[in-house]
Amino acid sequence: MISVLTNNWSTLLTGFGNTLLSSVIALVFSLVIGSAFAIMETVPSKVARVIAHTYIEIFRNIPLLVITMFFYVVIPQYVAPMTGFAAGTVGLTLYTSSFIAETVRAGIQAVDIGQMEGARSNGMTYWQAMRYIILPQAFRLVIPPLGNQFINLIKNSSVLAFVAGFDLMYQGDALASATFDTFNTYLVVGVFYLVLTLPLSYYMRHLEKKLV
Amino acid sequence: MSKWFKKVLIAVVPLFLLTVLAACGQKQTDNVYQRTKSAKKIVWGVKADTRLFGLMNVKNGDIEGFDVDLAKAITKQMYGKDAQAEFIQTTAKTKVPLLKNGNIDAVAAAMTITDKRKKIIDYTQPYFGAGQSLLVKKGSPIKAVRDLNKAGTKVMAVKGTTAVDNIHKFAPKAKVLELDDYAQSFTALKSGQGVAMTTDNGILYGIAKENPDYEVVGGTFTNEPYGLAVDKGQTEMRAHIDKALDQLQANGTYSRLVEKWFGGIPGFDVKEVEQP
């Protein structure tokens with residue numbers, strides 16, 4: 001197991017870096033997009049609700065691999081060139097954002113209706129009330145489930161391996177088939193994923209204790 | 001328990017479990033020849049995504065191809081007319097692990113004999129003489145492997161094949177995109193992820209035959225003798241497969257199968273194939 005590490009240090013590190021990069025990009029964008037659709041799902045406008053609902057149901061109910069293959073194979077043929085890394089990261093972002101939207105929506109709706117009524121009767125507009133009263137409370141409520149989504153996102157980033165995205169799993173696959181030491185290679189790859197997910201897991205737990 | 005102790009424990013226990021798992025990596029060996037002889041059945045690992053060698057027929061679910069027919073003939077030659085050949089789908093990435101863990105008894109999957117692979121599995125005599133070539137869209141500026149040797153050139157290959165190492169050697173500046181199987185590789189070529197797809201000529205001709213917009217260019221730039229493979233140390237099994245191959249070559253079955261699958265492929269030299 002140690003020899004797999006020492007012999008292929010740079011390959012594994014490249015993979016680790018790409019996994020980290022893809023995860024961070026997807027995390028930031030899926031959080032932004034997901035929150036936007038969550039707010040859209042709770043606003044009074046019916047059109048906005050329908051749009052948000054459609055988006056969420058589409059990307060939540062199609063397998064991540066299918067979304068990714070779509071961006072890897074179909075988009076380059078008809079729209080614009082797209083590398084495996086980009087296709088994987090976009091797929092990951094859209095897929096995760098739909099789950100984050102549902103999570104955040106639950107948080108917004110869990111905030112007592114009196115909070116909104118109170119804010120409005122104190123002269124705040126709907127958006128001011130959302131921004132300063134509702135959302136801060138909502139996010140505090142959804143930190144534990146959001147942590148789950150982030151961990152899932154990192155693990156799901158292994159989808160890049162199928163579209164030559166040069167991530168950790170891709171490098172692991174390449175190493176395993178070049179050295180035939182499948183067992184130890186995948187073991188090392190597993191440990192590398194733990195290095196990413198365990199600290200995140202602990203940090204989310206810490207955040208939960210501090211805020212809730 | 002103190003808080004710290006708990007934290008340490010949570011961190012250490014998974015690592016400990018991993019080490020235990022690692023220790024379970026060894027397995028016992030059995031005699032594949034004796035087992036398959038008494039069962040009158042050989043489980044072969046074959047390709048299912050490769051036209052001419054092993055391709056799943058979507059209508060009836062059977063895998064068809066030269067490797068499949070040869071494996072059937074060898075099985076019957078070894079254990080008699082009523083012997084059974086069972087086929088399990090493998091990819092370049094999975095065939096060695098499946099052979100090692102005993103899920104398949106032997107491999108007949110367009111597999112090149114290499115020194116690196118010989119260290120962990122045993123090969124029979126070569127049964128097919130292939131060579132690596134390139135598949136490109138018709139009218140592509142790529143005419144030979146040297147045209148690939150430019151920074152920024154992307155070439156599709158399949159994970160775990162000799163083609164990956166060969167491109168690193170013949171066109172070191174090209175970037176190799178390793179995909180899971182031939183179908184995916186070709187899909188990536190079609191969607192423009194790279195300028196060429198590379199693997200052995202026989203496989204590429206199979207794809208070009210079904211996709212007239214694509215052609216095989218540049219001839220072959222390596223020698224890829226295919227061998228049937230068994231797990232390391234299964235010398236009895238290997239000797240018997242070798243013997244069956246000799247008999248099939250002597251009685252003309254082998255040539256008939258080569259002619260059946262490769263006779264009608266333009267640009268493909270059947271003579272070259274039969275003398276690996």
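No value in this document is a laboratory result; all are computed from the given coordinates. Given the structure is predicted, the values throughout are model-derived calculations rather than measurements. As a convention, Cβ positions derive from the backbone with ideal geometry for all residues, glycine included, and neighbour counts pool all protein chains shown.
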For residues of A:182-190, the mean tally of beta carbons on other chains within 10 Å:
3
For Cα pairs less than 8 Å apart in space and 6+ apart in sequence, what is the mean separation divided by the residue count of chain B, i.e. the relative contact order in percent?
24 percent
Listed residue (B:Gln193, B:Leu135, B:Ala174) projecting farthest to the positive dipole end of region B:132-217, Cβ model:
B:Ala174
Net dipole in debye of region B:82-214 [+1 Lys, Arg Cβ; -1 Asp, Glu Cβ; about Cα centre; nearest 20]:
800 debye
Is the C-alpha gyration tensor of region A:2-211 telling us rounded, prolate or oblate? Criteria: a/c under 1.5 is rounded; beyond that, a/b larger than b/c is prolate, otherwise oblate.
oblate
Pick from B:Lys76, B:Lys137, B:Lys169: which is most flexible by mean-square fluctuation in a GNM of chain B where alpha carbon atoms under 10 Å apart are linked?
B:Lys169
For chain B, what are the DSSP H helices with axial Cα length of 24 Å or more and mean Kyte-Doolittle hydropathy of at least 0.5?
B:3-23
Which of these, A:Arg131, A:Arg60, A:Arg105, has the largest mean-square fluctuation under a Gaussian network model of chain A (Cα springs below 10 Å)?
A:Arg131
What percentages make up the Cα-Cα pair-distance distribution of the protein assembly as shown when the bins are 10 Å wide from 0?
4, 16, 23, 21, 16, 10, 6, 2, 1, 0
Past 21 Å, Cα to Cα: identify those pairs from B:Lys59/B:Lys95; B:Lys93/B:Lys119; B:Lys47/B:Lys100, in the order given.
B:Lys59/B:Lys95
Just tell me, in residue order, which DSSP H segments of chain A are both 27 angstrom or longer along the helix axis (alpha-carbon based) and at least 1.0 in mean Kyte-Doolittle hydropathy.
A:9-42
Give me a single rounded figure for B:186-193: the average over its residues of other chain Cβ atoms within 10 Å of their Cβ.
5
Hey, what did chain A get for relative contact order, percent, Cα under 8 Å, at least 6 apart?
29 percent
Filtered hits (aspartates and glutamates, Cα-Cα < 14 Å from B:Lys41, offset >= 8 within chain) -> B:Asp82, B:Glu86, B:Asp105
